[in-house]
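Some notes on the structure that comes next.
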Amino acid sequence: MTELRHFRCQDASPRSSRRLALSAVLTLAMVGCGGPPNKDSPSPPASNTPAANTATATANTGTALAETRSTMTGDLRVEVVGLNRVKGRHLVVQVRLSNTGTDKRLSWAGEMGDHTRPLGEIRWASGIGVLDALARTWLLPYKPAGSPCLCSNRDRDGLGQFIDPGRSITVYAVLPAPSGNPTTTTVVTPVGPPMLDVPITDDPPTGDFPDPDAEPVTPITRRLILASESLDKSEETADDGKDLQINLSADVLFAVDKATLTPKARSVIAHTATLIDASPATVVTVAGHADSSGTDAINNPLSLRRAQAVQHALTALLTRKGVRFHTEGHGSHRPLYRNDTDEGKRRNRRVTVTFPKPQPAAQEPGATTTTGATDLTGSTTADGQPVTMNVTGLRRLPGGLGLLTYTITNEGTSEAWFRDLHHAQDWEAYKYQAATNIRLIDDTARRQYLPGRIEVPTDNGMDFYCACTPVSGVRISTEKFAPGQTREFWNLFALPDTTTTINARIGPFRDLHVPIR
């Protein structure tokens, strides 16, 4: 693998094309390059000695702009100590990692790596990113041609595998700036809940970092899909911030092997027509889909006829002019879910209507709700031990997003595994296990909201990762609780525009009526 040149030790002049014209050389980079060490921080030992496994670079001592804790490793504190927009297009994120424990060294690289792509040896701080809420996009470090990311590398930057008790290191990532030139953003890492409202400065960052304009780099962006569905399961909506994709259940719209709309289909289609009327759409795509049963000779023409039936009904219901339709029939070739379960097949039998999303309704001024004496706790058992849950917040973010955070505590006297957070329904096709067994339910609108999905293109199509706490891979022990241990989990959801409270169903716990802040 070609090593990314972090900066030029032999050329400290402003002429270096790889610099971002910064004010000081970050100690972390100096140690990694083999330059003069800080008098308080020895140079890292050679990589073939056992001591090289300990992180030795001096940490950035700046004031923390935001902080969180690792869900898996409570002694790992994560703080944003720098968030600088450069050239109006790039963002330099500096994160301080601290071992607040007293007896164990902590491994950091595995926890901070991006789990949505293969990286080979785990040594990169590639999971540092920001949530571009307005664009519904997860932004990760740029990828140069010769290395996984423009970010800290354990070997190149003189960082060992471990952080000693009471010690800190600082790692960085260079990535695209979020859209809209915001003054704050949400910083995400793989280890704990997102950090909200972190201030962005346009001042030069303190340190020396690779310039993404000095070589070809690929932006690594992940589209965030937020799904909701009617409680009667007649339709499911996916919102990527730009378009609405409404999946109308073919089992509700049609009789078996038929393309004639049922009486119940009229009310379902009428709701979709209302949304199209409220949108800026000039072209609406209507596509029919089937499950994997049957043959292409049956499924392909049937799915097209069903799409045409829905298109004709929508045309008659629209109240505004200037909307054109494009109809398609894809048979079984574009499944949304696995076809090896009855529920997966049911959801794959659908007619999908796609169009630009309507503008959100304006919130009533002053419509706020306080927690007051609301009980936001629940209890259950795991491995014979009492387990409690407490909702710590449901925050409304820009772009119609919401962040739910909650803690799980083992109140017993013995170790327990609590595995009920990832018991999602069998039709859900996430790449890895995560805290997916969570729903927000709006009883008034008869609608429930599913955890957000991070969409990752692959050679064979798409993989989907939950926009929530992962509990697999290097985080497989996240669901193991020592006696008295508490961990905080999180999920991203869509939120209805004007609702100030909503019901939360978290794993096996009782439903809670949660205020939205």
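Computed values, structure above
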item: Packing-based order for 133-145, 326-338, using average beta carbon neighbours within 10 Å, highest first; result: 133-145, 326-338
item: Cross-link partners of Lys87 among lysines (Cα-Cα below 25 Å; sequence separation of 8 or more within a chain); result: Lys143
item: Sites Asp202 and Lys258 - FRET efficiency at Förster radius 60 Å, r taken between beta-carbons, to 0.05; result: 0.50
item: Relative intensity, log₁₀ I(q)/I(0), of the stretch 439-517 from a Debye sum that treats every alpha carbon as a point, q = 0.21 Å⁻¹; result: -1.08
item: Extended-chain gain in nm, criterion 0.36 nm per residue less alpha-carbon gap, Ser179 and Arg505; result: 114.1 nm
item: √(5λ) per eigenvalue of the Cα gyration tensor, the stretch 137-275, largest first, Å; result: 47, 17, 16
item: FRET efficiency, Lys87 to Arg117 (Cβ-Cβ, R0 30 Å, nearest 0.05); result: 0.70
item: Net charge contributed by nearby residues that have their C-beta within less than 15 Å of Pro263 (K/R +1, D/E -1); result: +1
item: Check: the stretch 102-193 dipole with +1 on Lys, Arg Cβ and -1 on Asp, Glu Cβ, in debye; result: 80 debye
item: Cross-link pairs beyond the 32 Å C-alpha cut-off, checked among Lys242/Lys345; Lys345/Lys480; Lys258/Lys321; result: Lys345/Lys480
item: In Å, descending, principal axis extents of the Cα set of the stretch 380-517; result: 43, 42, 24
item: Dimensionless Rg/Rh of the stretch 203-315 - Kirkwood Rh, Rg from C-alpha atoms; result: 1.21
item: The stretch 85-133, dipole about Cα centre (Lys/Arg Cβ +1, Asp/Glu Cβ -1), debye to the nearest 20; result: 260 debye
item: Inter-label distance for Arg346 and Glu415, nm, one decimal - labels placed 7 Å from Cα along Cα-to-Cβ; result: 4.0 nm
item: Rounded FRET efficiency, nearest 0.05, which uses the C-beta distance separating Thr282 from Thr102 and R0 of 56 Å; result: 0.30
item: Percent RCO, i.e. relative contact order, over the stretch 82-194, from Cα pairs under 8 Å lying at least 6 residues apart; result: 36 percent
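Here, each number is a calculation from the coordinates, and none is a lab measurement. Computed from a predicted structure; not experimentally measured. Glycine gets a Cβ as well: all are built from the backbone with ideal geometry, and neighbour counts include every protein chain shown.
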